[in-house]
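The values are calculated or read from the model by the stated rules, or taken from the named source; none is laboratory data. These figures come from a predicted structure and were not determined experimentally. Cβ: placed from backbone, ideal geometry, glycine included. Neighbour counts: every protein chain shown.
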Amino acid sequence: MDFGEMMVVLRKLALEAGDRIMEIYDADDFDLRSKSDDSPVTAADEAADALISAGLRSAFPDAALVTEEQSATHDLKVSTFFIVDPLDGTKEFVQRRGDFTVNIAWVEDGVPVRGVVYAPAKGRLFWTRADGQTVEETGPFDKDRIGACTEISVSTPDQSALLVVASKSHRDQATDDYIGKYAVADMRSAGSSLKFCLVATGEADLYPRLGRTMEWDTAAGHAVLSGAGGHVVRFDDHQPLTYGKPIFENPFFIAYAPGVTLHQG
């Protein structure tokens, strides 16, 4: 796989999907319905998914594709594949809070090695270059020409004053109890895969997730964080979080800058 070609395609598709999402977001009203698991879905999820899926299948016809919005792909048994969440943070979208993202990742042998996370309402675009280094690109964004990019890297944490980020919509007592094991200087909430990106830029040191997630929720953010020097591990045994698991479901996990000394749950 030519990563240079790949990232040009993934970046462009993410920007195009972001435009389609914002057209719907900025409308006076949009349809909202529930999927079989009671999670919300909007026309923006479906339009972005159709655009990204068509683009990936056209550019990489031989590659496996897993996407949240196409349940038929959830039965695949694969370890090397594209994985897409066309609109992560649908609750943030519906409540017009802006913390939603477009997520496209390439997983190779169970490891998310390249990815793009685009937050169109925030104007923030993170992606891994062909060499694996993560950059944040500064807008306005041209779909056909890469703009000014800054290499990003995780922080060197102060163990006595950690910066922690947690879910805006899915905080619970177990998460708060775990965070309580650390000396925390500041705590912030964020939606969607932006939490991975905040650790990647050094705006946070630690992101624990003690709740159900699927691989499409995390793969692109995981790739972005890895390309900035960070890690994502299982909560139970601190082993690396891998991909291509049955039904693409994740265990609890911790994303962090490597200078953080992790506590057991």
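Things worth noting here:
- Count of segment 155-183 residues, restricted to those that are hydrophobic (A, V, I, L, M, F, W, C) and under 21 Å from residue 99 (Cα atoms), is 4.
- Annotation: of all residues in segment 230-265 being free of Cβ contacts under 8 Å to residues at least 40 places away in the same chain and β-branched (Val, Ile, Thr), the one that is farthest from residue 133 (Cα to Cα) is 233.
- Residue 114 being within 15 Å of residue 196 (Cβ to Cβ) and touching a helix residue (DSSP H, G or I) at 6+ places or on another chain (Cβ under 7 Å): yes
- Some residue of segment 171-190 being of a type outside the set (A, V, I, L, M, F, W, C), within 19 Å of residue 243 (Cβ to Cβ), touching a residue at least 12 places away in the same chain (Cβ under 8 Å) and in contact with a strand residue (DSSP E or B) (Cβ under 9 Å, 6 or more places away or on another chain): no
- Number of positions in segment 131-148 that are more than 14 Å from residue 7 (Cα to Cα) and touching a residue at least 24 places away in the same chain (Cβ under 8 Å): 1
- A Cβ distance below 6 Å, combined with a sequence gap of six or more or placement on separate chains, defines the contacts here; from segment 5-20, residues that are on the phi < 0 side of the Ramachandran plot and crowded, with 17+ Cβ neighbours inside 10 Å reach residues that are part of a helix (DSSP H, G or I) and at pLDDT below 95 in the pairs 20/47.
- Just one of the listed residues (89, 55) is out of contact with any Pro (no Cβ under 8 Å at 6 or more places or on another chain) and within 20 Å of residue 194 (Cα to Cα), and it is 89.
- Taking the criterion of being in a strand (DSSP E or B) and more than 20 Å from the chain's Cα centre (by Cα), no residue of segment 56-89 qualifies.
- Residue 198, sole failed condition from (1) assigned to a loop (DSSP other than H, G, I, E, B); (2) modelled with pLDDT of 95 or more; (3) within 22 Å of residue 128 (Cβ to Cβ): (1)
- Taking segment 83-122 as the range and being surrounded by fewer than 24 Cβ atoms within 10 Å (Cβ to Cβ) and either of a type in the set (Phe, Trp, Tyr) or farther than 17 Å from residue 64 by Cβ (or both) as the test, the residues that pass are 90, 91, 92, 94, 95, 96, 97, 98, 99, 121, 122.
- Checked against (1) closer than 13 Å to residue 255 by Cβ; (2) part of a helix (DSSP H, G or I), residue 229 passes all but condition (2).
- Condition met for residue 45 (assigned to a loop (DSSP other than H, G, I, E, B) and either at pLDDT below 95 or not assigned by TED's automatic domain parsing to the domain that holds residue 212 (or both)): no
- In segment 201-226, the residue that is nearest to residue 165 (Cα to Cα) out of those that are of a type outside the set (Asp, Glu) and part of a loop (DSSP other than H, G, I, E, B) is 204.
- The residue that is surrounded by the most Cβ atoms within 10 Å (Cβ to Cβ), counting only those in segment 123-139 that are outside any strand (DSSP E or B) and at pLDDT 95 or above, is 129.
- The set of residues from segment 1-42 being farther than 18 Å from residue 96 by Cα, hydrophobic (A, V, I, L, M, F, W, C) and modelled with pLDDT of 95 or more comprises 3, 6, 7, 8, 9, 10, 13, 14, 15.
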